[in-house]
Every structure is written in C-alpha cells, then in structure tokens.
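The values are calculated or read from the model by the stated rules, or taken from the named source; none is laboratory data. All values derive from a computational prediction rather than experimental measurement. Neighbour counts are summed over all protein chains in view; Cβ atoms, including those assigned to glycine, are modelled from backbone coordinates with ideal geometry. Accessible surface is based on the protein model in full, side chains and every heavy atom, while ligands, DNA and RNA are left aside. Shrake-Rupley method; radii C 1.70, N 1.55, O 1.52, S 1.80 Å.
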Amino acid sequence: MNIFSFILSFLVAVISYLVYTSYVNTYSSIVTKPDKRYDYIIVGAGTAGCVLAARLSEDPDVKVLLVEAGDHMGFFTKIPLTSTAAQQGPNDWSVRTTPQKYSSFGLWDQTQFLPRGKGLGGSGQINFLLHGFGLPEDYNRWSRKGFKGWTFKDLKPYFIKAFGTTMSEYDSTYCHETSLCNAAPMKLKLLSDDNELMMTFKRASSSLGGRGTVLRRPAATVSAGLRHSSWDGYLKPAMQRPNLHVLINTQAVSIRFDNVTATSLYILQNHRSLDNIFVDREIILCAGTIKLKINLVVENEHVGANLHDHMNMPLYVSVRKPVSITLAKVFTASTLWEYVWRRQGYLSFPPVSGVEYQNKSAVKVFALGSASERLLRDLSNYKHQVYRDTYPFHNDTRKEGFMFLTTCSQPRSRGRVTLRDASTSVPPLVDTNYLHQYHDVTCMIKAIRRAERLVSTKAFQEIGARIHWPRPERCRTLWRYSADDQAGLKPKRKRFKSTKQEKKPKESAKVKTKSPKVSPPDEYLECLLREVAVTGHHAAGTCAGGTVVDNHLRVKGVNGLRIMDASVLPTPLSLYPNSVLVGMAEKAADLIRNTPET
C-alpha cells in the first residue's frame, strides 16, 4: 500500500468516525436516572434484547427498561468486512475458555477466545452478519428434547414478520413496495451472482453431488453496504418512545426474589452507583449464553450445562486466478472511494462465498486470501509458530487464495459454565469441552475430506486451487510433509559431475524417488483438529429449553423471570443462529404480551 492510499484511508476513517459519533447520542430513550418501577426489565441489548425492547414498548401503556453493560458500538462495526475490528476491544466481553483437554493444543494456555458483544446490538454487532434459518431437522430435535412449540413451522410466521421471508437465500434489495419483506425490520443482502469464487464453489459442489448435499449462496444482514442488526432494525427506530428507557454502561448485578418471585433488579452504573429497580410484571434475561447464577433460589442442575459451540478447522487454499479478497486490494484508494461514496465493493459484504452442507458436515468458503498474522493471529490466540505453520503466506498481502472453514454442524460435545467466585466482577469458568465426543472429530474429518475433493474438481483446478495443509510440529511425525511441500516448491535436483569411472545407468533402469502422499492420513487430520481448530463463535445452550426454561421461556421453579437468548437452544442450529434468534424473540414478545397479569 503506497503512502497516498494510507493517508487517504486514515482521513476517511477519521472523518467517518467523527460524523458517526456526532449522531449516536441523540436518542431520548437513553437515560442516566431510571425510574424506580417498570412493567418489564430486559437485561442485555443484544440480538434478542433489541427485538423485545422494541416490541414490548409498542404498547404506550407499558413501561420498559433495557439494561446494557456496554455503550454505543464503534463505527468500524458498521462496515461488513471489518466486523472483527471490535473483537478484544471495549465492545467485546473477550471471554476465555478454561484450558481445553481435548483440543486447542496450538493456542496459548490451550484456551479459546469467545467474542461476545458488549454494547447496543450485542454479539449481533461484532459477528460476520451471516443469515440463515438452519435446517428443518434442527428444530425437530428441540421438540424431541422437550422444547415444544418452536419447530420451523411454529416459527415460520415470525421469520416472515422479521425478515419478510423464510428463505436462507434472500435479497431484500428487490422487495416490491407492497411486499412483506419491504415492511420487515430486518434487511438482507445476497452475495452477487457474478462472484467468481462462489460460482466456482457451486460448480465444484454440483460436479461431486452426494446424498444430503445442500449448497447455499451467502446472505447477510446488510443494508446499503452497512451492517443491519436488530439494533438497526428494531431498537434504533424505537429510541424516541417515552415509555422506553435504556441504561448503557450499566451492569445487572443480581435479581431479588421474594420467595420464588422475581421482584427487582440490582444494577451498577458506571462501576460505582448501585441501585435497585422494581418490576411489576417480568424480568427478561437476554444477556447471552455466558452469565452468572449466584444466589441459589431454586436448585436446577441443568443451569450452566449443555454448553455447545461449532468449531472451524481452517484450510488455506491458494489460487492463481485473482478471484479472492486480499489486503492489497482492500487497502487502496479505489476500494475506499467505492465504499464511501457508493457503499459497494470489497468492504460492503462479509468475506464469505458460500457454504455446503453434506449431512452433518459442512464446508464454508472464507474468501479473505491474505491471512495476515498481524491482524488475525491474536484474535484466535494462536501460538506464533503454529499460526505460521497453518498459514504459510501469512505475510503476503497480495497472495490470492481463500480458506475452507470445515466444521460439524451438529457437534455432540457439551461443556459447562460454572462460578469461579460469587463476585460479578470475576468472570465465570467457561469450559466448552471441544472435541470431547469422538463423533465430532469424525464429522469434521468428513468435512475436510469433502474440501479435499472439492479442490480436486475441474472447477477449482481451472483457477489453480491448491491446499496448503497445516504442518504444526506436534503432528509432523504422523505424515511426511515438508515446508517445501506446503509452500508448493518443487525440490531441486542435485547435479553431479560425470567422471570416466562412473557407469551409465541402464536404459531400462528407473530411478525411484520418494515423495510425500498428496493426501494426509486420518490420524494427521485428527491431530490438526486438536491443534488448530478454533471456535465458530456460536456458543449456546446453557439455559436450555425443556430443562431450564419451559415452552414459554419461563425459568422453571420461579415466577416473573424469562430467558430469551442463545442460551435457550437445546441443541445447535446448523451454523448461523443470529437470524433464528431474531424470529424467536418475535415469538417471545407475543408470548409475554399474551400472559395474563397477576
């Protein structure tokens, strides 16, 4: 990147940030001194909290308080390509897992970072914006787990209400003025159909076929080139209502119970001012999967259990054709100009070019070719050498390529969230227990083998695709694969000077050379998974429907307390939970409004 592009990029960033910050503090609903009593108190302004606050406050006779520990999100969270810029900053809880027993050997202290949004919009403001409703069988599993009334059929009207569609591939840009999607709060953008990497992926998948194979073109919660989360679609339009109060930089400390009925919420504002706010109807927890349970009111061994998450195993694939997103392309004056003035180009969409499901294994194409060590290594907590051994071109900003993110859409391993200390200032112990169940290993190996077969197809070979297998030191005894093999360098032949004494080999004799296998054995792949695989950022399940909450999301054994966030999911959704949570929150709002007053 030349000095002119750098200066222009810096100036655009500064001007955009100043313009953004000049408008974010104009909402009359944001208060510093709350009332002493509300009909509903919602804890957490994340994906579900934004929906519930907006829907419940539609009734002008109802007073709603929304409590959020964070502040306004930074400007760069609005740019689809730079969503990770908020991770491990003030807008991220930066949760760390406990040292993992079966995975994460290539990460410092064998711990994973779990980004969790802290601020208006929550994790929906720092994720990759990917939209999807999973697969119908996902919801059927919930019913079998005792969580009734939440099948795809049950949620269908709420998906339509929220997005105007029940399709995982949809583009709101083409909505007719009178259509349902035009009136829906959430907006979707579909990856352009002329995206060459996506079309290559589609042709490759089609040529292989296979039972249970579903290929999806990526759709994202993007509108006019900007992130469009539930904060944008729901809460922001409601932020002038006099019956809606929003507290930011305020932590929910604990819930006070009279016998087994939730009656008030203790809050801590700006880390110093403690207050107690009373509730007439219900307290609704939308604080996310990882939250504290301190004072025992009713015993339930399932609280904090059932923690599940996807894992991603990255495989770097280089290509000869310029079809990927590289940092050299992103950091140019033309890219910035195209985005600032037209809201188009590389910055306007997340770097994903499709996902293929094959039964429970899945392969996603992550189109960012430049795996910059400086930008990405610390976000995943990789040890320095392991990162370099995984991404051989980590310092080449012009390298064309992409990553296959291989995963298991229905992992069986389950972890737990427990208390380290009774204080809310001490984070809980989060043990994701990745790869404890061997099923998850075999499921992910199937995904890796699928990626291997995809690369070998004519479609990918036409763009010069080549997998560069990770080669961490701990795994090298299981497969002969050198640094030259990884980089794709041909071994140099040694030249010997001929002498008269040397005998020429017979014409019929063949010189045999040993070369490593092109395909690694399963033992090597298992080692890679336990060394290199990282979180898929979909932690859920710790207050599962059927065991912790009932079919109406009411916490079992107590009154006046509900939970609506990813923690209620009994089993995983197939890859992307965010849009499903929006639809579930829409249904939750109806359930709450239709509950008779006591």
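Residues are listed down the side, and each one gets a yes or a no for (1) out of contact with any Leu (no Cβ under 6 Å at 6 or more places or on another chain); (2) under 24 Å from Ala589 (Cβ atoms); (3) touching a residue at least 12 places away in the same chain (Cβ under 8 Å):
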| residue | (1), (2), (3) |
| --- | --- |
| Pro115 | yes, no, yes |
| Gln125 | yes, yes, yes |
| Trp150 | yes, yes, yes |
| Asp171 | no, no, yes |
| Glu177 | yes, no, no |
| Lys189 | yes, no, yes |
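Could you run through region 424-456 and say how many residues are open to solvent by less than 60 Å² (accessible area, probe 1.4 Å) and small (Gly, Ala, Ser)?
Residues in region 424-456 being open to solvent by less than 60 Å² (accessible area, probe 1.4 Å) and small (Gly, Ala, Ser): 2 in total.
Residue by residue through region 95-110, note down the ones that are out of contact with any helix residue (DSSP H, G or I) (no Cβ under 7 Å at 6 or more places or on another chain), surrounded by fewer than 17 Cβ atoms within 10 Å (Cβ to Cβ) and in a loop (DSSP other than H, G, I, E, B).
Correct list: Lys101 only.
Being open to solvent by less than 60 Å² (accessible area, probe 1.4 Å), under 26 Å from Phe366 (Cα atoms) and either in contact with a helix residue (DSSP H, G or I) (Cβ under 6 Å, 6 or more places away or on another chain) or at pLDDT 95 or above (or both) is true for just one of Leu120, Leu191, Leu135. Which residue is that?
Details: Leu120 fails: under 26 Å from Phe366 (Cα atoms); Leu135 fails: either in contact with a helix residue (DSSP H, G or I) (Cβ under 6 Å, 6 or more places away or on another chain) or at pLDDT 95 or above (or both).
Testing whether each residue is open to solvent by less than 60 Å² (accessible area, probe 1.4 Å), under 26 Å from Phe366 (Cα atoms) and either in contact with a helix residue (DSSP H, G or I) (Cβ under 6 Å, 6 or more places away or on another chain) or at pLDDT 95 or above (or both) leaves just Leu191.
Let me confirm something: among Ser353, Ser372, Ser361, Ser409, which residue is surrounded by fewer than 21 Cβ atoms within 10 Å (Cβ to Cβ) and farther than 20 Å from Gln100 by Cα?
Working: Ser353 fails: surrounded by fewer than 21 Cβ atoms within 10 Å (Cβ to Cβ); Ser361 fails: surrounded by fewer than 21 Cβ atoms within 10 Å (Cβ to Cβ); Ser409 fails: surrounded by fewer than 21 Cβ atoms within 10 Å (Cβ to Cβ).
Going through Ser353, Ser372, Ser361, Ser409 in turn, just one is surrounded by fewer than 21 Cβ atoms within 10 Å (Cβ to Cβ) and farther than 20 Å from Gln100 by Cα: Ser372.
Please specify each residue of region 457-484 satisfying the condition of being within 19 Å of Pro392 (Cα to Cα) and crowded, with 17+ Cβ neighbours inside 10 Å.
Scanning region 457-484 gives Ala465, Ile467, His468, Trp469, Pro470, Arg471, Pro472, Cys475, Trp479, Tyr481.
Return a yes/no flag: does region 544-566 have any residue that is of a type in the set (A, V, I, L, M, F, W, C), in contact with a Cys (Cβ under 7 Å, 6 or more places away or on another chain) and open to solvent by 10 Å² or more (accessible area, probe 1.4 Å).
no
Pick from region 381-398 the residues that are polar (S, T, N, Q) and either surrounded by fewer than 21 Cβ atoms within 10 Å (Cβ to Cβ) or outside any helix (DSSP H, G or I) (or both): which of them is modelled with the lowest pLDDT? Reasoning before the result, please.
Taking region 381-398 and keeping what is polar (S, T, N, Q), we get 381, 385, 390, 395, 397.
Add one more test, that the residue is either surrounded by fewer than 21 Cβ atoms within 10 Å (Cβ to Cβ) or outside any helix (DSSP H, G or I) (or both), and what stays is 381, 385, 395, 397.
On the way: Asn381: 95, Gln385: 96, Asn395: 88, Thr397: 91.
So the residue we want is Asn395.
May I ask you to list the residues in region 556-598 that are outside any loop (DSSP other than H, G, I, E, B) and either of a type in the set (D, E, K, R) or without any contact (Cβ under 8 Å) to a residue 24 or more places away in the chain (or both)? Break it down stepwise before answering.
The initial filter retains those residues of region 556-598 that are outside any loop (DSSP other than H, G, I, E, B), namely 559, 561-563, 566-568, 578-593.
If the condition is that a residue be outside any loop (DSSP other than H, G, I, E, B) and either of a type in the set (D, E, K, R) or without any contact (Cβ under 8 Å) to a residue 24 or more places away in the chain (or both), then Arg562, Glu586, Lys587, Asp590, Arg593 are the ones that fit.
Against the condition touching a Lys or Arg at 6+ places or on another chain (Cβ under 8 Å) and either touching a residue at least 12 places away in the same chain (Cβ under 8 Å) or within 30 Å of Leu188 (Cβ to Cβ) (or both), how does Ser409 come out, does it pass?
Details: touching a Lys or Arg at 6+ places or on another chain (Cβ under 8 Å): yes; either touching a residue at least 12 places away in the same chain (Cβ under 8 Å) or within 30 Å of Leu188 (Cβ to Cβ) (or both): yes.
Judged against the criteria, Ser409 is a match.
Every residue, every condition in (1) more than 21 Å from Ile126 (Cα to Cα); (2) part of a helix (DSSP H, G or I); (3) among the β-branched types (Val, Ile, Thr), yes or no:
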{"site": "Ile283", "(1), (2), (3)": "yes, no, yes"}
{"site": "Ala305", "(1), (2), (3)": "yes, no, no"}
{"site": "Leu315", "(1), (2), (3)": "yes, no, no"}
{"site": "Ala328", "(1), (2), (3)": "yes, yes, no"}
{"site": "Thr335", "(1), (2), (3)": "yes, yes, yes"}
{"site": "Glu338", "(1), (2), (3)": "yes, yes, no"}
{"site": "Ser353", "(1), (2), (3)": "no, no, no"}
{"site": "Val365", "(1), (2), (3)": "no, no, yes"}
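Can you tell me which residue is modelled with the highest pLDDT among those in region 194-209 that are part of a loop (DSSP other than H, G, I, E, B) and not small (Gly, Ala, Ser)?
From region 194-209, those part of a loop (DSSP other than H, G, I, E, B) are 194-195, 209; that's our starting set.
When the remaining residues are screened for being not small (Gly, Ala, Ser), the result is 194-195.
Details: Asp194: 91, Asn195: 95.
Here the residue is Asn195.
Could you please let me know if Ser254 is part of a loop (DSSP other than H, G, I, E, B) and either closer than 30 Å to Ser425 by Cα or open to solvent by less than 40 Å² (accessible area, probe 1.4 Å) (or both)?
Numbers: part of a loop (DSSP other than H, G, I, E, B): no; either closer than 30 Å to Ser425 by Cα or open to solvent by less than 40 Å² (accessible area, probe 1.4 Å) (or both): yes.
Answer is no for this residue.
Is there a residue in region 175-184 that is outside any helix (DSSP H, G or I), surrounded by fewer than 19 Cβ atoms within 10 Å (Cβ to Cβ) and of a type in the set (A, V, I, L, M, F, W, C)? Break it down into steps so the answer makes sense when it comes.
Just the residues of region 175-184 that are outside any helix (DSSP H, G or I), to begin with: 175-179, 184.
Next, from what is left, pick out any that are surrounded by fewer than 19 Cβ atoms within 10 Å (Cβ to Cβ): 175-179.
Within this subset, residues satisfying the condition of being of a type in the set (A, V, I, L, M, F, W, C) are 175.
Yes: region 175-184 contains one or more residues that are outside any helix (DSSP H, G or I), surrounded by fewer than 19 Cβ atoms within 10 Å (Cβ to Cβ) and of a type in the set (A, V, I, L, M, F, W, C).
Looking at (1) closer than 24 Å to Pro237 by Cα; (2) surrounded by fewer than 19 Cβ atoms within 10 Å (Cβ to Cβ), find the lone condition where Lys148 falls short.
Tallying (1) closer than 24 Å to Pro237 by Cα; (2) surrounded by fewer than 19 Cβ atoms within 10 Å (Cβ to Cβ), Lys148 fails exactly one: (1).
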